[in-house]
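Novice: Once you've had a glance at the structure underneath, I'll fire off some questions.
The values are calculated or read from the model by the stated rules, or taken from the named source; none is laboratory data. This is a predicted model, so every value here is computed, not measured. Glycine gets a Cβ as well: all are built from the backbone with ideal geometry, and neighbour counts include every protein chain shown. We work out accessible area using only protein heavy atoms, side chains counted, and drop any ligands, DNA or RNA first. Shrake-Rupley method; radii C 1.70, N 1.55, O 1.52, S 1.80 Å.
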Amino acid sequence: MKPYFPTLQGNERLKQQLGDRVLQGTMAHAYLLQGEIGTGKRLFAHLLAAAMCCEQRTADGVPLPCGVCNTCRKIMEDRTPDLTVIERGDNATIGIEAIRRAKEDMYLSSTENDKKVYIICEANKMTIAAQNALLIALEEPPRDVMIFLLCDDASSLLPTVRSRVQTIRMSLFDPQQMAAFLSTDPKAQRLRTESEELFLDLIVSAAGSPGRALGLLARKEMGALSAKRDCVLAILSAVHSRMRFSTLYEAIGGLSTKRQDMIEELGQLLLALRDLILLKRDENAPLCFFGDRDAARERCDTISLRALFAIYDATQAAILQLNQNVNIGVVTASFADALRAAPSK
Ligand SMILES: [Zn+2]
């Protein structure tokens, strides 16, 4: 049997399904890879591209993609004219020009590989005009063209775009999977021998995202991330204990004033809420934000399911507004109002 995508951690069922599809030649022409930051969307898109073009894809016992043939290496290192990665760079959005250029390129034949692959990172940052420009390519792509849209939140993608692509959801790691993943990383192991507590903090701060865990280790921003977690927990406490409004505002005031950081913090709040909602229904649900199940259960007991859903909706609305460039002060104020209005029971 061929091992599929061995360099991508976790996501076993996805890897099995898509590996089979590559070998059967039944891949769709466009996919939306959806998942939190650091869950391996970009890596997986590259691996899928490599798998379809790998020189050893039919060889028995060799992993798919092999990762060592010339084609695999060029794709994984973005060194082939048949792979185009579109990113927004310093711009707030991906505009129509970038998509037009890619579309023109799609109609030229490939130079090196069997497929021409286009990876659009942060696809949810495409302007409406850019998304509309992409529609025709998604509907009737030239032969041998593959398009991967990557994003964490697909809500700002047009329904017409979403309906023309197949969605792949990257999974988050539970704390056990994260510990197993980090056990292969020398830096993480060094951290563990220095301090078991810091190691556990890393697992919890990564909130299920292996990429975020590695980023934390590399940037040594453990302190900053603990602070973000504290801010999320302070908001949860302020809401469910029905403390004075000033306490709630103080907790919300702990959120970053930088747009991207605030989006990340609210994303963590969503993960925490998700844990609590799942826990209401199933004692043994896998948790992503809370490393300590008892602590999560304790919080769960003090807040109703209705309230959790209301806070979840308010948080999602705030993230959407931030992504739509609404003024941060306005977002914070309406978020606070929505939390105040959340049912107490
Ligand atoms: Zn290969």
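Novice: Over the chain, give the accessible area per residue in Å² for a 1.4 Å probe, as an integer.
Specialist: Values: 16600 Å² over 345 residues.
I get 48 Å² per residue for the chain.
Novice: Ok, one more. Could you give the angle, 0 to 90 degrees to the nearest 10, between helix 12-24's Cα long axis and the longest principal axis of the Cα atoms of the chain?
Specialist: The angle comes out at about 20 degrees.
Novice: A further question follows. Given R₀ = 41 Å, FRET efficiency for E55-E196 by Cβ-Cβ distance, to 0.05?
Specialist: Once rounded, the FRET efficiency stands at 0.35.
Novice: Still on this model: What is the angle, in °, between the Cα long axis of helix 128-139 and the longest principal axis of the Cα atoms in the chain? Nearest 10 is fine, range 0 to 90.
Specialist: Approximately 50 degrees, to the nearest 10.
Novice: Then there is this: So what's the projected area for region 240-319, the Cα convex hull averaged over all directions, in nm²?
Specialist: Across all orientations, region 240-319 yields a mean hull projection of 5.4 nm².
Novice: Which of the pairs K125/K258; K74/K115; K228/K258; K74/K187; K2/K115 have their Cα atoms more than 20 Å apart in this structure? Provide the component values of the computation, followed by the final result.
Specialist: Details: K125/K258 18 Å; K74/K115 13 Å; K228/K258 13 Å; K74/K187 28 Å; K2/K115 22 Å.
Exceeds cut-off: K74/K187; K2/K115.
Novice: Now for a different question. Report the net charge of residues surrounding D275, where surrounding means a beta-carbon distance below 12 angstrom and charges are Lys +1, Arg +1, Asp -1, Glu -1. Spell out each step's value before the answer.
Specialist: Numbers: positive: R274, K280, R281, R293, R297, R299; negative: D174, D282, D292.
Overall, the nearby charge balance is +3.
Novice: Can I ask one more? Ranked from highest to lowest mean number of other Cβ atoms within 10 Å per residue, what is the order of the peptides 130-138, 20-28, 254-262?
Specialist: Taking the mean over residues of other Cβ atoms within 10 Å, the ranking is 130-138, 254-262, 20-28.
Novice: Something else: List the trypsin sites (Lys or Arg not before Pro) within region 167-223 that fall in a DSSP loop (any state other than H, G, I, E or B) and whose Cβ has at most 15 other Cβ atoms within 10 Å.
Specialist: Those satisfying the criteria are K220.
Novice: Need the list of lysines near K280 for cross-linking: C-alpha distance under 21 angstrom, and skip anything on the same chain fewer than eight residues off.
Specialist: List returned: K345.
Novice: Between the DSSP loop rule and a limit of at most 12 other Cβ atoms within 10 Å, which trypsin sites (Lys or Arg not before Pro) in region 57-142 are left? If you can, show how the numbers build up before the last one.
Specialist: Details: sites: R57, R73, K74, R79, R88, R100, R101, K103, K115, K116, K125; in loops: R57, R79, R88, K115.
Passing sites in region 57-142 are R79.
Novice: Where the accessible area of the chain is counted over protein heavy atoms with a 1.4 Å probe, how much of it, in %, is carbon and sulfur?
Specialist: Summing carbon and sulfur atoms, their accessible area is 51 percent of the total for the chain.
Novice: How large is log10 I(q)/I(0) at q = 0.15 Å⁻¹ when the Debye formula is applied to the Cα atoms of the chain, each weighted equally and without solvent?
Specialist: Rounded to two decimals, the profile gives -1.31.
Novice: Taking the 0 to 90 degree range and rounding to the nearest ten, how far is the long axis of helix 222-240 tilted relative to the main principal axis of the chain, both from C-alpha atoms?
Specialist: 50 degrees
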